[in-house]
Amino acid sequence: DSRIKHVYGEWDLQTDTRKTLRAMGSIYAQLNFDEFWEPLKGLSYRVNFGPDFRYYNRGLFVDASSFNRSGSNYALNGTQKTFSWTLDNIISYNRTFGKHNIGATLLHSASAYNNGSVEEKGTSKIAL
């Protein structure tokens with residue numbers, strides 16, 4: 001009887017494709033001031049930059065004869081893109097005067113997060 005639904009062969013009636021790409025990094029530069037002028041011995045500046053890029057895509061098709069669809073085809077296509085970053089500024093001072101040690105660190109950090117996504121969905125009674 002064609003009106004009786006079963007899950008046998010359900011895998012053949014659906015296509016679900018997902019793709020993910022993620023790229024992360026860490027870049028830094030450091031400047032030691034004592035290499036330029038002796039009175040600044042022990043003073044340094046460092047900048048760190050850490051980008052993080054993510055891309056995600058999903059494509060889904062479910063045939064009308066699927067157990068879950070009740071006679072209509074279903075399709076979905078979605079994309080999500082994310083970019084975030086962190087920027088650190090670090091100033092350090094470390095110096096020894098005889099038996100005395102002085103150390104200090106100043107840090108400033110900034111970050112941002114941007115996200116965008118698009119998703120399209122559709123149903124159809126047309127048999128494919």
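The values are calculated or read from the model by the stated rules, or taken from the named source; none is laboratory data. Since this is a predicted model, take the numbers as computed values, not measurements. No Cβ is skipped: glycine too gets one built from the backbone with ideal geometry, and neighbour counts run over all protein chains shown. For the accessible areas, the whole protein counts, side chains as well, though only heavy atoms, and no ligand, DNA or RNA atoms are used. Shrake-Rupley method; radii C 1.70, N 1.55, O 1.52, S 1.80 Å.
Going out from 0 in 10 Å bins, what whole percent of all Cα-Cα distances in the chain drops into each bin?
Using 10 Å bins, I get a P(r) of 10, 22, 16, 13, 11, 10, 8, 6, 2, 0 for the chain.
Within the set of other residues whose C-beta is less than 13 Å from the C-beta of residue 116, count the net charge using Lys and Arg as +1 and Asp and Glu as -1.
Residues near residue 116 contribute +1 overall.
Calculate, for the range 14-94, the solvent-accessible area per residue in square angstrom, rolling a 1.4 angstrom probe over the heavy atoms of the protein chains. Can you show the working numbers first?
Values: 5190 Å² over 81 residues.
Heavy-atom SASA per residue in the range 14-94 reads 64 Å².
How large is the translational diffusion coefficient of the range 62-126 in µm² per second when you combine the Kirkwood radius over alpha carbon pairs with Stokes-Einstein at 4 °C and 1.567 mPa s?
Rounded to a whole number, D works out at 74 µm²/s.
With all protein chains present, how much of the accessible area of the range 51-128 (probe radius 1.4 Å) comes from carbon and sulfur, to the nearest whole percent?
56 percent
Which of 12, 88, 63 moves the most in a Gaussian network model of the chain with Cα springs under 10 Å?
Checking each option, the largest mean-square fluctuation is seen for 12.
Kindly count the pairs of lysines across the chain whose alpha carbons are less than 27 Å apart, treating pairs on different chains or eight or more residues apart as eligible.
So the count works out to 6.
Any chance you could list the semi-axes, whole Å, largest first, of the equivalent ellipsoid that the Cα gyration tensor gives for the range 28-78, using √(5λ)?
64, 6, 5
Compute the longest continuous run of the chain that contains no exposed trypsin sites (Lys or Arg not before Pro); treat a site as exposed when its DSSP state is not H, G, I, E or B and it has at most 10 other Cβ atoms within 10 Å.
The answer is 4-98.
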